[in-house]
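Right, one structure below, let's go through it.
The values are calculated or read from the model by the stated rules, or taken from the named source; none is laboratory data. Quantities reported herein were computed from a predicted structural model and do not represent experimental measurements. As a convention, Cβ positions derive from the backbone with ideal geometry for all residues, glycine included, and neighbour counts pool all protein chains shown. To get the accessible areas, we keep the full protein, side chains included, count just its heavy atoms, and leave off ligands, DNA and RNA. Shrake-Rupley method; radii C 1.70, N 1.55, O 1.52, S 1.80 Å.
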Amino acid sequence: MSSDEIEATTTRSTDFSTLGVHRESRMETKRRRQQGEEGSRRGSVASDGAIALEALDCTVCYHPLRPPVFQCAVGHVICSSCHDKLLNKNKCHACATTGGYNRCIAFDHILESVRVPCSNSFYGCTAKTCYHERDDHAKSCLHAPCFCPEDWCGFAGTTTALLRHLTADHRLTATEFAFGHRFTLQVQEGMQVLHKKKGSPLFLVKFMSVPPFGKAASVLCVDPLAVVGECKFRCQVDFHCRTMGWRQNSDFQIRSTTLSGGLPTEDGSYSFVMPNVSSNLPTDISVVMCVTKIADDDSAWSDW
């Protein structure tokens, strides 16, 4: 078998029919995904190859090897980053053989030839990348999953599948919007979904009563590529009750999450709070919202 024919694959198959009907617990869903990722990273090729992927890891830092690779006279390999950090480059870090290290061109060719499936293959990604490029691909993979916000529901899938799941299975109200454009949202107790025409990312708006202050709302961005602590979007809300003679604006950044750990714990902080509306007034109240990417803020707020 030539190096061009060496290919790492997994035996896990994709069943798209199950994407909308997962009913595992959240822990089972996370454990299944972790097992799948670990299997694609460390397991040996089961179907049409024979490479154990841990053989392609650096023996010092245990990260995937990437060209250029260095080896000692006996054959122990090391990545270029760890090689540069060696205090004594004349002696092998593993067997102490003297003679230093040399480039291993053959190993470089093998690393460029081996292809591994994306860790999101279960969710529909068909991409295969070099082993050392897999994590970089995962950071921008369009098939990375998001999770259902309900604790008892183990659904996981793309944002398009999640939108379909939330509206069809949980009967949540969905509102389509465009970045930088104002839209009206009815204030109703519970959770609502905001989505773009193409589905990604999603936003969850949750209205709740907070006596004696009135009604509060929290806004979250459901993003499969969310980074903890990073905010990519901003929201401005305008609440106006002519009968009460009350008007207020709120301007805030929106937290992003994959919901892999469920909804964030309520800590008493909300995105915005509206005053109580008298029972003698019409109960149908609404807010005007505008969501933008933070990089586009200046032009988006110019006419507010």
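What the table below lists for this structure:
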item	result
Rounded Å value of the spacing that divides the Cα centres of segment 134-154 and segment 214-258	23 Å
Per residue solvent-accessible surface (Å²) - segment 74-216, probe of 1.4 Å	49 Å²
FRET efficiency, Ser140 to Asn276 (Cβ-Cβ, R0 35 Å, nearest 0.05)	0.20
From phi via Karplus (6.51, -1.76, 1.60), per-residue ³J(HN,Hα) for segment 206-213 in Hz, x at Gly/Pro	10, 9, 8, 7, 9, x, x, 6
Distance cut-off 24 Å, percentage of C-alpha pairs in segment 131-255 lying past it	35 percent
Rounded, prolate or oblate (a/c below 1.5 giving rounded, otherwise prolate when a/b exceeds b/c) for segment 59-163 by Cα gyration tensor	prolate
Trypsin sites (Lys or Arg not before Pro) lying in DSSP loop within segment 215-246, provided at most 12 other Cβ fall within 10 Å	Arg242
Charge-dipole axis of segment 110-260 as Lys and Arg at +1 and Asp and Glu at -1 on Cβ define it, positive-most pick from Phe183, Ser256, Leu142	Phe183
Cα-Cα pairs of segment 115-164 separated by more than 13 Å (percent)	57 percent
Under-5 Å amide H pairs with Lys91, H placed in peptide plane, nonlocal only	Gly100
Nonlocal amide H pairs with Thr175, under 5 Å, H built at 1.01 Å	Val193, Leu194, His195
Apportionment of accessible area to carbon and sulfur, segment 93-230, percent (1.4 Å)	53 percent
Amide H within-cut-off set for Ser271, under 5 Å, with H built and near neighbours excluded	Ala217, Ser218, Val219
